[in-house]
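First the structure, in the form of structure tokens, and then the observations on it.
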Amino acid sequence: MNNNLNMGDKLVNILLVEDDEVDVMNVKRAFKKNNVTNPLFICNNGLEALEFLRGSKEPLAELPKIILLDLNMPKMGGIEFLREIRKDDKLKNLSVFVMTTSNEDKDKVDAYNLNIAGYILKPLSMERFVEAVSTLNNYWKLCEYPEH
Amino acid sequence: MFFEGLIRRLYKMRIGTRTAISFFAVIMVVLAFTVGALLLLQYGKNIDIKIAKSYSPVISSIKNYQDLIEESGSLAYDIPLEKNTLKKNRLRHILKRVYNSHKLDLINICQEPGLADIKKRVINADKRFEKIMLVQKEIIAFSDTLEKNNNLALRDSMLVRREVIETEINNIKLDLNETSLMAIAVFNRLTTQKFASYRTLSYLLLIMIFAIMVLSLLSVYITNVTIIQPIKELSGILDEVGEGKIINFQSHIAREDEIGEMINSAQKVVQGFKTKEQVANAIGKGDYEIKVPMLSRKDRLGKALTEMRDNLKLSKQRVEETIYSLESTNIRLEKKNKELDQFAYITSHDLKSPLRGINNLAEWIEEDLDDKMTPESKKYFNLLKGRVHRMEGLINSILTYSRAGKTLETQIEIDTNEMVIDVLNNSDIPENCSILIDDKLPIIVGNKRDTFEVFNVFISNAINHNTSQEPVVNITGKRKGTLIEFCIADNGPGIEPEFHQKVYTIFQTLERRDDVENIGAGLAIGKKIIEDYGGETWVQSEKGMGAKFYFTWPA
């Protein structure tokens, strides 16, 4: 049984933009539990993620199709990052899932106005987060993505 | 015409002058009539004296004179017939002495002017008697001669003379009788005059009484017209002024007396009030710059108005200052409140990440160690996770509390019947619990989420803390004046009065959290929202009697 996120036979890259190390580990652990083997790239804030996506430090072989984005981060927050990529012709069609602790209406409205694919509240318990990732994985698998 | 002219003249007179004139008039009338009466009395008295003086002496004098004449006549008659020295001497005495005194008396008495006629007649009679007296003297002389030598011729002539005087004396006597009657007539006339003067006097007195009555009536009329009427008119006006009605009035007659001055004073008073009223109105309408006209330096009302105006101006300034400072304080407070909410929000938000980290790490350790852990360690781990969950609940409550309040957008009409059903559908209701809802709960205006939160807080509170075997929750709501009052009553354990305020304080629970997992923020959140909408909430309860939670919502 192939649980992996793929496009045809090819696994799509996933970018996690998250500053909290435990949260990064959390995602990794949840992926592992759900047998998600897609390549996972990690950036610690919005600025870093932009540099990564634009390949300004090292050239990128392939753009990640899915981004998991935290909102509260140093240097550049999630909403600011979203604004930047939606202005960028090359990056504006990326699927972004917001994964945050913020239950603020304002954040949700701002995020959805920037065409996000989903808004997920980080649950407290690992168990429920694993469930959430599983659901996400199923969703990603359903979706078709354009070819480059 | 004459009367109007008189009244106009009277109005121009001072009351003192008028009173003096009327007094003077009365005094003059009384004086005049008194003098007249006195004169009349004097006149009557004079007549009386005349009567007293003249009447009886004149009559008696005439009588005496008559008697004298008669005696002399009879003496002279007797002398020629017999030798009578006694009678002769008597006649001599009468002729020499008695006659003279009687005549003198009579003439003297008849000197009064009213007795002129009588005097004339008396003198005439006297003249005639004087002739008789001469004859009588002849008779005496003849008698003397006859005593010496008897002469027949002489005796005859004596007899002749005797006859002559006898007749003459009778004539004089008759004449004097007539004179007496005439004198009586004169006195009668005088008496008549006297009575006439007394009658005149009585008429005079009647006229005087009448004149005094007329004068009194006139003075009463004048007093009425010139004093009482204007005073009545004026007191009527002053009564109205006293009742607070400030009216303009103009006296219809220009007067220069004290009443006129009084009317002028009253007009001044009314005018003063009128001006003050206008000023007070202006001040009442907020014109604190208006100049208060002072009637004089002693104008206390003016001073009071000035003071009132100044104090009002001052208080207005103070109120404005207070309002300004209150407004700025309010703005500062609002800012602080927002900051506090923001602080609570950010703090709790930031607290949540490490908490989740702790939880994750604990779970991973538990997972990784799994069967290597002792049952005790597992219990500790469970306790650790439980505390982390409780802390998350607390943080979430702070978040909710910090954001609770009146949501300004999307205020709509909400049917609370539907709202209560909605809340109940979203609640875990135990099987044995019965919920009673008023048939017609009112419609309120508010944000849907805010009202949901409020009803949810009270309903879940009533259900969750109900320890009764058959829990009952009764939801009612009715309009009370400008507010709508809702009541959520339960048959739970009830709350002792000392905790009635405490239940609304955030994180205040009445039971240990280890016994009943309860954050203790619901009622605080509900209260915050209700008060933000301008309502109130309170509890009615006794230990063991259930609890009634009330809250009001503006209609």
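Each reported figure results from applying straightforward, stated rules to the coordinates on display, with no laboratory input. In this text the structure is predicted, and so the values were computed from the model without any measurement. Glycine also receives a Cβ, built like all others from the backbone with ideal geometry; neighbour counts cover every protein chain displayed.
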Any residue on another chain or 5+ positions along whose placed amide H is under 5 Å from the amide H of B:Ile435 is listed here as B:Val473
Once you charge only the Cβ atoms, +1 for Lys and Arg and -1 for Asp and Glu, what is the size of the charge dipole of the range B:194-341 about its Cα centre, to the nearest 20 debye?
-> 360 debye
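More than 32 angstrom separation, counting every C-alpha pair in the protein assembly as shown; what % is that? Intermediate results must be reported in sequence, preceding the final value.
Values: 191642 of 246753 pairs.
Looking at the protein assembly as shown, the distances longer than 32 Å represent 78 percent of pairs.
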Between the range A:50-79 and the range B:185-229, what is the C-alpha centre distance in whole Å?
-> 140 Å
Cα centre as origin, Lys/Arg/Asp/Glu Cβ charges: the range B:433-555 dipole, Debye | 380 debye
For the residue pair B:Phe210 and A:Leu60, what label-to-label distance in nm results when each label sits 7 Å from Cα along the Cα-to-beta-carbon direction?
-> 14.4 nm
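Starting from 0.36 nm per residue, how many nanometres of slack lie between B:Ser74 and B:Glu277 once their C-alpha separation is accounted for? Can you show the working numbers first?
Numbers: separation 203, 0.36 × 203 = 73.08 nm, distance 12.03 nm.
That works out to 61.0 nm of additional length.
Provide a whole-number value for the mean count of partner chain Cβ atoms within 10 Å of the Cβ atoms in peptide A:23-34. Display every interim value, and only then the final one.
Values: counts 4, 0, 4, 7, 0, 0, 4, 1, 0, 0, 1, 0.
Whole-number average of other-chain Cβ neighbours for A:23-34 is 2.
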Kirkwood hydrodynamic radius of the range B:2-231 from all distinct Cα pairs, in Å?
-> 23.4 Å
Mind checking the full-extension length gain between B:Thr306 and B:Asp156? Use 0.36 nm per residue of separation minus the Cα-Cα distance, one decimal, nm.
-> 39.9 nm
To the nearest 20 debye, the protein assembly as shown has a Cα-centred charge dipole, built from +1 on Lys and Arg Cβ and -1 on Asp and Glu Cβ, of 8040 debye
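Counting other C-beta atoms within 10 Å, and keeping those with at most 12, which DSSP coil GluC sites (Glu not before Pro) do you find in the range B:36-128? All intermediate terms of the calculation are to be shown ahead of the outcome.
Working: sites: B:Glu70, B:Glu71, B:Glu82; in loops: B:Glu82.
Loop-located and lightly packed - B:Glu82.
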Taking the alpha-carbon centre of each part, the distance from the range B:469-495 to the range B:371-440 in Å is 20 Å
Sparse-neighbour loop sites [GluC sites (Glu not before Pro); the range B:228-316; at most 15 other C-beta within 10 Å; DSSP] | B:Glu243, B:Glu256, B:Glu289
Could you tell me which of B:Thr509, B:Asn170, B:Met213 has its Cα farthest along the dipole of chain B towards the positive end, charges placed at Cβ (Lys, Arg +1; Asp, Glu -1), taken about the Cα centre?
-> B:Asn170
Can you list the aspartates and glutamates whose alpha carbon is less than 20 Å from that of B:Lys276, not counting same-chain residues fewer than 8 positions off?
-> B:Asp239, B:Glu240, B:Glu243, B:Asp287, B:Glu289, B:Asp299, B:Glu307, B:Asp310
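Gain in length, B:Glu243 to B:Ile227, computed as 0.36 nm per residue apart minus the alpha-carbon separation, to one decimal in nm? Don't skip to the end; give the middle numbers.
Details: separation 16, 0.36 × 16 = 5.76 nm, distance 2.39 nm.
My answer for the length gained is 3.4 nm.
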Cα-projected label distance for B:Arg332 with B:Phe499, points at 7 Å along beta-carbon direction, nm | 3.9 nm
GNM, chain A, Cα, under 10 Å: largest mean-square fluctuation among A:Met76, A:Met99, A:Met126?
-> A:Met126
When B:Glu409, B:Glu327 are ordered from fewest to most other Cβ atoms inside 10 Å of their Cβ, what list results?
-> B:Glu409, B:Glu327
So the FRET efficiency between B:Ile346 and A:Glu51, C-beta based with R0 = 30 Å and rounded to 0.05, is 0.60
How large is ³J(HN,Hα), in whole Hz, for each residue of the range B:331-337 in order, when computed from phi with the Karplus curve 6.51 cos²θ - 1.76 cosθ + 1.60 and θ = phi - 60°, using x for Gly and Pro?
-> 4, 5, 4, 4, 4, 4, 4
Long-range amide H contacts for B:Ile519: which residues qualify at under 5 Å (H placed 1.01 Å from N, peptide plane, sequence gap of 5 or more or a different chain)?
-> none
If you take the charge dipole of the protein assembly as shown about its Cα centre, with +1 on Lys and Arg Cβ and -1 on Asp and Glu Cβ, which of A:Ile14, A:Ile85, A:Asn113 is farthest toward its positive end?
-> A:Asn113
Where does the longest stretch of chain A lie that holds no GluC sites (Glu not before Pro) found in a DSSP loop with 16 or fewer other Cβ atoms within 10 Å?
-> A:1-61
Long-range amide H contacts for B:Val445: which residues qualify at under 5 Å (H placed 1.01 Å from N, peptide plane, sequence gap of 5 or more or a different chain)?
-> B:Ile414
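Hey, got a sec? Which chymotrypsin sites (Phe, Trp or Tyr not before Pro) in the range B:443-485 land in a DSSP loop and have at most 11 other Cβ atoms within 10 Å?
Values: sites: B:Phe452, B:Phe455, B:Phe458; in loops: none.
Here no loop site has a sparse enough neighbourhood.
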Cα-Cα over 27 Å: which of A:Lys75/B:Lys338; A:Lys92/A:Lys141; B:Lys316/B:Lys528; B:Lys379/B:Lys502?
-> B:Lys316/B:Lys528; B:Lys379/B:Lys502
Work through the residues other than B:Met262 whose Cβ is under 14 Å from its Cβ and net out their charges, Lys, Arg +1 and Asp, Glu -1.
-> -1
Farthest toward positive dipole pole in chain B [+1 Lys/Arg, -1 Asp/Glu at C-beta], among B:Gly302, B:Phe249, B:Val292 = B:Phe249
Report the residue, chosen from A:Leu68, A:Leu11, A:Leu60, that carries the largest GNM mean-square fluctuation when chain A is represented by alpha-carbon nodes joined by springs under 10 Å.
-> A:Leu60
Report ³J(HN,Hα) in whole Hz for each residue of the range A:95-109, in order, from the Karplus equation J = 6.51 cos²θ - 1.76 cosθ + 1.60 where θ = phi - 60°; Gly and Pro get x.
-> 7, 10, 10, 7, 10, 8, 9, 6, 9, 5, 4, 4, 4, 4, 4
In whole Hz, with x marking every Gly and Pro, tabulate ³J(HN,Hα) for the range B:525-538 from phi via Karplus 6.51 cos²θ - 1.76 cosθ + 1.60, θ = phi - 60°.
-> 5, x, 4, 4, 5, 4, 5, 5, 8, x, x, 9, 9, 7
